[in-house]
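K.L.:
A single structure is presented below for examination.
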Amino acid sequence: MRITFKLTKGIVLIAFAAFILSACGSKNNNDASPSASGAPSPSAQASESASPSDSPSASASASPSDEPQVTVEFWHAYGEGEEKVLLEQVIPKFESVYPSIKIHATRMPTENLDQQVLTAVAGGTPPDIMRMDNTWVSNMAKQGALQEISGFPDAQAILDNSFKGTVDTNLYKGKYYGVPLDTNTRVAIYNQDLLAKAGATEAPKTIDELVDLARNIKKQGKFSGITIGGTNVWDFSAWFWTLGGQYTDPDYTKATGYLNSDASVKALDTIYGWYKEGLLAPPILGGQPGTWEGLRGDKGKAPSYMMITDGPWFFSLIGDADTKGKMLPAVMPAGPDGQSHSVIGGEDLVLFNGAKQPDAAWKFAQFMTSTEIQVLLAKQTGQIPTNKDAAQAPELKDVWYLQAYVDQLATAYTRTPSPNANKINDAIGAAFESVFRGKAKSKDALDKAASQIDGFLNE
Amino acid sequence: MRKALKQYAQVSPYLVVGLALTLAFVLYPMAKGMYISFFHYNVIKPETSESAGLSNFKHVFTDPMIGTALRNSLLMAIVTVPGQWIAGIVLALLIQMKTVRLKVFWRLIYYVPVISSWIVVSYLFRFLFADGHEGMINYLLVDILHLIGEPIGWLQNTGTANLVVWLVSIWKGAGWVMVLYLAALQSIPRSLYEAAEIDGARPAAAFLNITLPLVRPLTAYVIINLVNGAIQAFIQVYAITQGGPMDSTQLLNTYLYKQAFQYFDFGYASAISVCLGVLIFALTYTQQRSIGRDRIEF
């Protein structure tokens, strides 16, 4: 019995050693494969062009007649209405201009999307091109997931013709890893009936006016005058910034002295004061009903939120019938400096390392950032163009709710761009939340977050 | 000796399959995880990973969130292991009673949670315990039974959020314990109970002095598995609270998942998981040793 036990042990050890060795061997193979993304491997080349003499870039730009089809994998997380425009108008247009290129568009779920992207890239099956939240780009670039774009034709021209704030989201260590596709911000959206109930005929111009209205409507029952969707940076920043708060210095290198400055503490205390006074709607700490349900009423329940803040998709998703004349978009009320500072969001188009059809995918990126398509998307879906020419297009005036967003963008701020953006935003959100849950004083919470964020910015 | 070798040659093809699978899916990932824990690991381009020495492990012992996560993981074990065990035994005893009919039906009912998807039951509980009047439990407590005045924000407070997580864990695991004990109970000779009855033993005494001692090997096995499962719990928190509010319901597993897949810090995540592995080993080691030693002959 003892001998056989030793024997099994021996077999296990030998097999284990063999396995380790073979694993090392296969690792070497893996090490060799990344070069394939630089110079296409034979198989990739074969699939791209039948005749071996054609270089990949020539095959993509040659005359369409005798060219083989290539398929570009495109990932996006467009909403339902936006996807319809993409599939029925944008892609058919592209494919009629470039008959040799097929776009295979996949709508990804937004939940855990970054993890799915990472898994796909690490597993060697990334899409060619993706519409990606612009706060992810620098981190994905840091991970080595994305291609640097300066080598592609006319890359600089696209960047030059886009708004600088949106271009900068593609930056990592001085190089660009994507092109801006669309941008957005959040404006105040008022329920006009409740606004009238609070005693106003038009949107309040200043924070003080808004707070007065909130007090008025609170006296009339279970109504909330101000809705902040949560303590995370996407929901909270606009209020914090408008009231004079700051996250970092203008160059995004330091949080201490900014996030925990007297002005920042005061801004946070002001909002916390609203909360204690009962002016804020339940969503600030995750309560029900949600922002849209509270503003519009839901399942037979009457609306109870006078205002929320949200992006242009609020109008494009719900549709004119239920918003026009009922929901009023307006620039957020101004703070102490006479302006309001909302938060900039948006999406970039990025190409992946390991993309099978980088050149065809780039053609699609050029197409998507062209003035024609940017205007089309803006008109049909309310997405604000990043292309400067498209943003000036007179057709955009037809979209009734868009002007408030364009005006708001003029004074909007971007969230801290950094490969550690996730950690930074979590730290800020946790500081805000700890104050609202009564776990910490504003000053202490912001001091702690500032020192954490200093570390993330210096990493 | 020669005979033994010959036997090995005959069975080796079958052993090799299992061995290969274990190597590929257990030992290799384990070794690789330990390896990663010594690096600032870049999962997309592993060749660019920088060595981290012991800094990832140092971070484990200085990160205040580890304390919270460890507390929650240990509480998970302290609450749900006895919870599942007691619920499982009680169910088994109830179904085993002479007066209970439709035994197969009851067995099936209580086993259904075990075979249902974790994701599905987690979401189910998330909806049951939703905030405001929209949540079923709140509706029941406030609007039907009038037990409380205001709806409870179940998932907005650390205590109640943990309670929901524990409830789903116990509810889902009790059926597994029940089935194992049902099998064990059937193997205990009836004569022992009859003898006890003649001696005037009450059912409770019979349970404590006959049933429990006779199923002791099974109990050790069940407890080890429950502790193991509790410390390694993941989906219930991931799907119900996402660690919130304010990361106060994170378990070690959900926290390391966040480090790996939200912050892309695979080195640190692996260091946490290595420590977690050591912890589980330590917690179950003494019981592991005794398993299989005490055979009970009837």
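K.L.:
For residues in region B:217-261 being small (G, A, S) and within 28 Å of A:G429 (Cα to Cα), which is surrounded by the most Cβ atoms within 10 Å (Cβ to Cβ)? Spell out how you get there, then give the answer.
P.N.:
So in region B:217-261, the residues small (G, A, S) come out as B:220, B:229-230, B:233, B:239, B:243-244, B:248, B:260.
Checking the rest, the ones that are also within 28 Å of A:G429 (Cα to Cα) come to B:233, B:239, B:243-244, B:248, B:260.
Working: B:A233: 25, B:A239: 20, B:G243: 22, B:G244: 17, B:S248: 20, B:A260: 22.
Here the answer is B:A233.
K.L.:
Filtering region A:263-291 down to residues that are of a type in the set (A, V, I, L, M, F, W, C) and away from every other protein chain (no Cβ under 14 Å), which residue is farthest from B:A130 (Cα to Cα)?
P.N.:
Keep residues of region A:263-291 that are of a type in the set (A, V, I, L, M, F, W, C), which gives A:263, A:265, A:267-268, A:271, A:274, A:279-281, A:284-285.
Now restrict to residues that are away from every other protein chain (no Cβ under 14 Å): A:263, A:265, A:267-268, A:271, A:274, A:279-280.
Values: A:A263: 37, A:V265: 33, A:A267: 31, A:L268: 28, A:I271: 26, A:W274: 25, A:L279: 23, A:L280: 20 Å.
Within region A:263-291, the match that is farthest from B:A130 (Cα to Cα) is A:A263.
K.L.:
Now a separate question. Which condition does A:Q339 not pass, out of (1) outside any strand (DSSP E or B); (2) touching a residue at least 12 places away in the same chain (Cβ under 8 Å); (3) farther than 18 Å from A:A410 by Cα, if it passes all the others?
P.N.:
It is condition (3) that A:Q339 fails.
K.L.:
Scan region B:35-50 residue by residue and report those that are within 11 Å of chain A (Cβ to nearest Cβ), out of contact with any Ser or Thr (no Cβ under 9 Å at 6 or more places or on another chain) and more than 17 Å from A:G124 (Cβ to Cβ).
P.N.:
If the condition is that a residue be within 11 Å of chain A (Cβ to nearest Cβ), out of contact with any Ser or Thr (no Cβ under 9 Å at 6 or more places or on another chain) and more than 17 Å from A:G124 (Cβ to Cβ), then B:S49 is the only one that fits.
K.L.:
Among (1) without any contact (Cβ under 8 Å) to a residue 40 or more places away in the chain; (2) of a type outside the set (S, T, N, Q); (3) assigned to a helix (DSSP H, G or I); (4) over 18 Å from B:P82 (Cβ atoms), where does B:L276 come up short?
P.N.:
(1)
K.L.:
Please name all residue pairs, on different chains or six or more residues apart, with Cβ atoms under 9 Å, provided the first residue is in region A:134-154 and is part of a helix (DSSP H, G or I) and the second residue is small (G, A, S) and surrounded by fewer than 24 Cβ atoms within 10 Å (Cβ to Cβ).
P.N.:
A:S138/A:S418; A:S138/A:A421; A:N139/A:S418; A:N139/A:A421
K.L.:
For region B:66-75, check the following and say yes or no: at least one residue is within 14 Å of chain A (Cβ to nearest Cβ) and either at pLDDT 95 or above or over 30 Å from B:I188 (Cβ atoms) (or both). Write out each step before concluding.
P.N.:
Our first condition is that a residue be within 14 Å of chain A (Cβ to nearest Cβ); within region B:66-75, this holds for B:68.
Next, from what is left, pick out any that are either at pLDDT 95 or above or over 30 Å from B:I188 (Cβ atoms) (or both): B:68.
Checked against the condition, which is being within 14 Å of chain A (Cβ to nearest Cβ) and either at pLDDT 95 or above or over 30 Å from B:I188 (Cβ atoms) (or both), region B:66-75 yields at least one hit.
K.L.:
Can you name the residue in region A:418-439 that is assigned to a loop (DSSP other than H, G, I, E, B) and crowded, with 19+ Cβ neighbours inside 10 Å and, of all such residues, is farthest from the other protein chains (Cβ to nearest Cβ)?
P.N.:
Applying the filter and picking the extreme gives A:S418.
K.L.:
Here's a check for you: in region A:78-111, which residue that is in contact with a Lys or Arg (Cβ under 7 Å, 6 or more places away or on another chain) and not in a helix (DSSP H, G or I) is nearest to A:V121 (Cα to Cα)?
P.N.:
Filtering region A:78-111 for residues in contact with a Lys or Arg (Cβ under 7 Å, 6 or more places away or on another chain) gives A:78, A:83, A:95, A:98, A:101.
Subset that is not in a helix (DSSP H, G or I): A:78, A:98, A:101.
On the way: A:Y78: 21, A:Y98: 27, A:I101: 23 Å.
Per the stated criteria, the residue is A:Y78.
K.L.:
Now a separate question. Look through region A:326-353, keep the residues that are in contact with a Pro (Cβ under 6 Å, 6 or more places away or on another chain) and more than 30 Å from A:A263 (Cα to Cα), and return whichever of them is surrounded by the most Cβ atoms within 10 Å (Cβ to Cβ).
P.N.:
A:D348
K.L.:
May I ask you to verify whether B:L256 is more than 30 Å from B:T158 (Cβ to Cβ), more than 16 Å from the chain's Cα centre (by Cα) and either in contact (Cβ under 8 Å) with a residue 12 or more places away in the chain or part of a helix (DSSP H, G or I) (or both)?
P.N.:
Working: more than 30 Å from B:T158 (Cβ to Cβ): no; more than 16 Å from the chain's Cα centre (by Cα): yes; either in contact (Cβ under 8 Å) with a residue 12 or more places away in the chain or part of a helix (DSSP H, G or I) (or both): yes.
So B:L256 fails the test.
K.L.:
Could you pull out the residue among A:K356, A:K397 that is among the basic types (K, R), crowded, with 20+ Cβ neighbours inside 10 Å and modelled with pLDDT under 95?
P.N.:
Values: A:K397 fails: crowded, with 20+ Cβ neighbours inside 10 Å.
Just one listed residue meets the conditions, A:K356.
K.L.:
Filter region A:217-268 down to residues that are out of contact with any helix residue (DSSP H, G or I) (no Cβ under 7 Å at 6 or more places or on another chain) and among the aliphatic types (A, V, I, L, M) and give me whichever is farthest from A:T309 (Cα to Cα).
P.N.:
Top of the filtered list is A:A263.
K.L.:
Do any residues in region B:1-27 that are within 11 Å of chain A (Cβ to nearest Cβ) have Cβ atoms under 9 Å from those of residues that are small (G, A, S) and part of a helix (DSSP H, G or I), where the two are at least six apart or on different chains, and which pairs are they?
P.N.:
B:V16/A:A15; B:L19/A:A15; B:A20/A:A15; B:L23/A:A15
K.L.:
Now a separate question. Enumerate the pairs (first residue in region B:129-157 and within 14 Å of chain A (Cβ to nearest Cβ); second residue anywhere and of a type in the set (K, R)) with beta-carbon separation below 8 Å, excluding pairs fewer than 6 apart on the same chain, so at least 6 apart or on different chains.
P.N.:
What qualifies is B:L155/B:R126.
K.L.:
Separate question: Looking at B:F57, B:F38, which one is in contact (Cβ under 8 Å) with a residue 24 or more places away in the chain, surrounded by 15 or more Cβ atoms within 10 Å (Cβ to Cβ), of a type in the set (F, W, Y) and within 30 Å of A:F352 (Cα to Cα)? Even if it seems obvious, please write down each step before you answer.
P.N.:
On the way: B:F57 fails: within 30 Å of A:F352 (Cα to Cα).
Of the residues listed, the single one that is in contact (Cβ under 8 Å) with a residue 24 or more places away in the chain, surrounded by 15 or more Cβ atoms within 10 Å (Cβ to Cβ), of a type in the set (F, W, Y) and within 30 Å of A:F352 (Cα to Cα) is B:F38.
K.L.:
Going residue by residue through region A:139-158, is there one that turns out to be closer than 14 Å to A:H76 by Cβ, within 16 Å of the chain's Cα centre (by Cα) and not acidic (D, E)? So that I can check it myself, show each step before the final result.
P.N.:
Of all residues in region A:139-158, those closer than 14 Å to A:H76 by Cβ come to none.
No, that holds for no residue.
K.L.:
If you don't mind, another one. Say we look at region A:95-140 and pick out the residues that are among the β-branched types (V, I, T) and over 19 Å from B:D265 (Cβ atoms); which of these is farthest from the other protein chains (Cβ to nearest Cβ)?
P.N.:
Within region A:95-140, the first condition is being among the β-branched types (V, I, T), and the residues that meet it are A:97, A:101, A:103, A:106, A:110, A:117, A:119, A:121, A:125, A:129, A:135, A:137.
Among the residues that remain, those that are also over 19 Å from B:D265 (Cβ atoms) are: A:97, A:101, A:103, A:106, A:110, A:125, A:129.
Details: A:V97: 33, A:I101: 26, A:I103: 25, A:T106: 20, A:T110: 14, A:T125: 12, A:I129: 17 Å.
So, considering only residues that are among the β-branched types (V, I, T) and over 19 Å from B:D265 (Cβ atoms), the one farthest from the other protein chains (Cβ to nearest Cβ) is A:V97.
K.L.:
Looking only at region A:93-112, count how many residues are of a type in the set (G, A, S) and either surrounded by 11 or more Cβ atoms within 10 Å (Cβ to Cβ) or outside the structural domain of A:I373 (by TED's automatic domain parsing) (or both).
P.N.:
Taking region A:93-112 as the starting set, the residues that turn out to be of a type in the set (G, A, S) are A:96, A:100, A:105.
Right, trim to either surrounded by 11 or more Cβ atoms within 10 Å (Cβ to Cβ) or outside the structural domain of A:I373 (by TED's automatic domain parsing) (or both) and you get A:100, A:105.
Of the residues in region A:93-112, 2 are of a type in the set (G, A, S) and either surrounded by 11 or more Cβ atoms within 10 Å (Cβ to Cβ) or outside the structural domain of A:I373 (by TED's automatic domain parsing) (or both).
K.L.:
Quick one: in region A:292-307, of everything that is touching a Phe, Trp or Tyr at 6+ places or on another chain (Cβ under 6 Å) and within 14 Å of another protein chain (Cβ to nearest Cβ), which residue is farthest from A:D208 (Cα to Cα)?
P.N.:
This residue is A:G294.
K.L.:
Out of (1) touching a Ser or Thr at 6+ places or on another chain (Cβ under 6 Å); (2) at positive phi, the odd one out for B:V237 is which?
P.N.:
Checking B:V237 against (1) touching a Ser or Thr at 6+ places or on another chain (Cβ under 6 Å); (2) at positive phi, the one that fails is (2).
K.L.:
Let me ask something else. Scan (1) surrounded by fewer than 14 Cβ atoms within 10 Å (Cβ to Cβ); (2) touching a Leu at 6+ places or on another chain (Cβ under 9 Å) for the single condition B:G135 breaks and write down its number.
P.N.:
B:G135 satisfies all of (1) surrounded by fewer than 14 Cβ atoms within 10 Å (Cβ to Cβ); (2) touching a Leu at 6+ places or on another chain (Cβ under 9 Å) except (1).
K.L.:
Grab the helices (runs of 4 or more DSSP H) fully contained in region B:13-98, keeping just those with 1 or more residues being more than 30 Å from A:A430 (Cβ to Cβ).
P.N.:
Numbers: elements: B:28-36, B:55-62, B:64-96.
Correct list: B:28-36, B:64-96.
The values are calculated or read from the model by the stated rules, or taken from the named source; none is laboratory data. Predicted model, so just to flag it, every value in this text is computed and none were measured. Cβ coordinates were reconstructed from backbone atoms using ideal geometry, including for glycine residues, and neighbour counts include every protein chain displayed.
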